[in-house]
Amino acid sequence: MSEKDRIEPQLPKCPTGIKGLDEITNGGLPKGRPTLLSGNAGSGKTLIAMEFILKGALEYDEPGVFMSFEESERELVQNVTSLGWDLEKLVKQKKIQLSHVKVDR
């Protein structure tokens, strides 16, 4: 089989709805598989995860759960309000569930 005849397998993707991310990931994150976001504090892990959950609820009618080990539910709501997202409304509509897990170090 020649190189040009080889078929590359493509994982099914789940669009994120995040501007630019779906393009650079060739359609989104791998569907049905966990995705780990890793980075230093302030690198945008929480923001990407929150936008993914929000876009899923708003654009794809897919409810989501956001689990935080750092910020409380109140802090998460405050943080995303400045971006124009009404997280409290989505929680009341049961489209998103927030969970803060306090870990004693």
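Tabulated data for the structure shown
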{"quantity": "Residue that is hydrophobic (A, V, I, L, M, F, W, C), in a helix (DSSP H, G or I) and more than 23 Å from Gly20 (Cβ to Cβ), where the choices are Val77, Val65", "calculated": "Val77"}
{"quantity": "Residues of the stretch 95-105 that turn out to be farther than 20 Å from Leu21 by Cβ and either over 17 Å from the mean Cα position of the chain (by Cα) or touching a residue at least 40 places away in the same chain (Cβ under 8 Å) (or both), as a count", "calculated": "5"}
{"quantity": "Selection status of Gly28, touching a strand residue (DSSP E or B) at 6+ places or on another chain (Cβ under 6 Å), more than 21 Å from Val101 (Cα to Cα) and modelled with pLDDT of 90 or more", "calculated": "yes"}
{"quantity": "Qualifying residues in the stretch 31-57 (those that are touching a helix residue (DSSP H, G or I) at 6+ places or on another chain (Cβ under 8 Å) and in a loop (DSSP other than H, G, I, E, B)) - the one surrounded by the most Cβ atoms within 10 Å (Cβ to Cβ)", "calculated": "Leu37"}
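The values are calculated or read from the model by the stated rules, or taken from the named source; none is laboratory data. Source: prediction; values computed, not measured. Cβ coordinates were reconstructed from backbone atoms using ideal geometry, including for glycine residues, and neighbour counts include every protein chain displayed.
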